[in-house]
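Novice: Structure in structure tokens, see below.
The values are calculated or read from the model by the stated rules, or taken from the named source; none is laboratory data. Small disclaimer: the values here were computed from a predicted structure and weren't measured. Cβ atoms come from the backbone with ideal geometry, glycine included; neighbour counts cover every protein chain shown.
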Amino acid sequence: MISPFKGNFRVTSPRGYRTIGNISEYHGGIDMVGLDDTTVLAVAEGTVYTLYEKDGFGYYVRQQLSDGRRIYYGHMKSFLITGGSSVTPGTPLGIMGATGKVTGPHLHLELRPAGYSSDSLDISGYTGIPNVEGVYVSETEIGGAVNKNLYSYDDTVEALIKCGIITLENMVNWELMLSGRAELKTEFVRTVFDRCCAKITQLESKK
Ligand SMILES: [Zn+2]
């Protein structure tokens, strides 16, 4: 697996159709949050360009691969490279952020075909990162075996709060954001919601 983060990360939104409120849209990449390190690393060799898109990817890096395909790294807080430079896998590109159209800090990682099309290709197939929600541990840390089940309820809640995706107070908003995305969310995420909601109720009853 080629990861844009060192250490643990969480896939917060897979590639595919998603419905937020009444709007259904195709999500062309995977959204990821670096839990141990928020430095975004190149996942391939190629030339990188720094760009800005207010209502889209925010500050983002577009990487041109030798075969013409392009990789997009969206919503960065800042850049660590200058446009036009050549990088190799692992080169730090920038810091994960929340610029552009986002609900919280994360990296949007997307693969597109050669040319100018905005169609997306299978970034999960390219990187080996599972296209589902959950916390993953990098291959190096677990001796080469990718285990999808290395997360626990406590770890995930702690991680979500630590990376600023949720606070106990805004669990309700998170719940709203994911409503209608039944096909995307796991039983596990559902359990997290339920337990956090129970905790909020518990905290509020103490006031
Ligand atoms: Zn995204």
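Novice: I'm trying to understand the selection: among the residues of region 89-118, which are in contact with a Gly (Cβ under 8 Å, 6 or more places away or on another chain) and more than 15 Å from the ligand (Cβ to nearest atom)? Steps first, please.
Specialist: Here is the first cut: in region 89-118, the ones in contact with a Gly (Cβ under 8 Å, 6 or more places away or on another chain) are 96-102, 104-105, 107-115, 118.
Pro113, Ala114, Gly115, listed by residue number.
Novice: Continuing with this model, one more query. Among the residues in region 60-69, are any farther than 20 Å from Glu133 by Cβ and in contact with a helix residue (DSSP H, G or I) (Cβ under 9 Å, 6 or more places away or on another chain)?
Specialist: Kept after step one, since they are farther than 20 Å from Glu133 by Cβ, are these residues of region 60-69: 60-69.
Narrowing further to those that are in contact with a helix residue (DSSP H, G or I) (Cβ under 9 Å, 6 or more places away or on another chain): 69.
Yes, the conditions are met somewhere in region 60-69.
Novice: Another question, if that's okay. Scan (1) under 19 Å from Gly125 (Cβ atoms); (2) modelled with pLDDT of 95 or more for the single condition Val87 breaks and write down its number.
Specialist: (1)
Novice: A further question follows. State all residues of region 25-72 that are assigned to a strand (DSSP E or B), more than 19 Å from Pro89 (Cα to Cα) and more than 15 Å from the ligand (Cβ to nearest atom); if no residue qualifies, say none.
Specialist: Once the filter is applied, which keeps residues that are assigned to a strand (DSSP E or B), more than 19 Å from Pro89 (Cα to Cα) and more than 15 Å from the ligand (Cβ to nearest atom), region 25-72 yields Leu51, Tyr52.
Novice: Check off (1) at pLDDT 95 or above; (2) more than 22 Å from Pro130 (Cβ to Cβ) for Gly100 and give me the number that stays unchecked.
Specialist: (1)
Novice: Right, something else. Which residue is nearest to the ligand (Cβ to nearest atom), if the candidates are limited to region 73-88 and must be farther than 24 Å from Ser117 by Cα and in contact (Cβ under 8 Å) with a residue 40 or more places away in the chain? So that I can check it myself, show each step before the final result.
Specialist: Our first condition is that a residue be farther than 24 Å from Ser117 by Cα; within region 73-88, this holds for 77-82, 88.
Next cut, in contact (Cβ under 8 Å) with a residue 40 or more places away in the chain only: 80, 88.
Details: Leu80: 21, Thr88: 25 Å.
Restricting to residues being farther than 24 Å from Ser117 by Cα and in contact (Cβ under 8 Å) with a residue 40 or more places away in the chain, the top hit is Leu80.
Novice: Could you please find all residues in region 82-108 being closer than 14 Å to Gln64 by Cα and hydrophobic (A, V, I, L, M, F, W, C)?
Specialist: Val87, Leu93
Novice: Can you list residue pairs whose Cβ atoms sit under 8 Å apart, with the first residue in region 98-117 being in the same structural domain as Val33 (by TED's automatic domain parsing) and the second being part of a loop (DSSP other than H, G, I, E, B) and of a type in the set (Ser, Thr, Tyr)? Count only pairs 6 or more apart in sequence or on different chains.
Specialist: Here the result reads Pro105/Thr38; Glu110/Ser120; Leu111/Ser120; Arg112/Ser118; Arg112/Ser120, each pair linking region 98-117 to a residue that is part of a loop (DSSP other than H, G, I, E, B) and of a type in the set (Ser, Thr, Tyr).
Novice: Quick check: is even one residue across region 9-22 away from the ligand (no atom under 16 Å from the Cβ), surrounded by fewer than 20 Cβ atoms within 10 Å (Cβ to Cβ) and at pLDDT 85 or above? If you could, list the steps in order and put the result at the bottom.
Specialist: Here is the first cut: in region 9-22, the residues away from the ligand (no atom under 16 Å from the Cβ) are 21-22.
Right, trim to surrounded by fewer than 20 Cβ atoms within 10 Å (Cβ to Cβ) and you get 21-22.
Checking which are at pLDDT 85 or above leaves us with none.
No, region 9-22 contains no residue that is away from the ligand (no atom under 16 Å from the Cβ), surrounded by fewer than 20 Cβ atoms within 10 Å (Cβ to Cβ) and at pLDDT 85 or above.
Novice: Separate question: If I go through region 40-73 residue by residue, how many of them are exposed (fewer than 15 other Cβ atoms within 10 Å of the Cβ), touching a Pro at 6+ places or on another chain (Cβ under 9 Å) and not small (Gly, Ala, Ser)?
Specialist: Result for region 40-73: 1.
Novice: As an exercise: evaluate Met76 against (1) buried (at least 20 other Cβ atoms within 10 Å of the Cβ); (2) outside any strand (DSSP E or B) and give the number of the one condition it does not meet.
Specialist: Of the numbered conditions (1) buried (at least 20 other Cβ atoms within 10 Å of the Cβ); (2) outside any strand (DSSP E or B), the odd one out for Met76 is (2).
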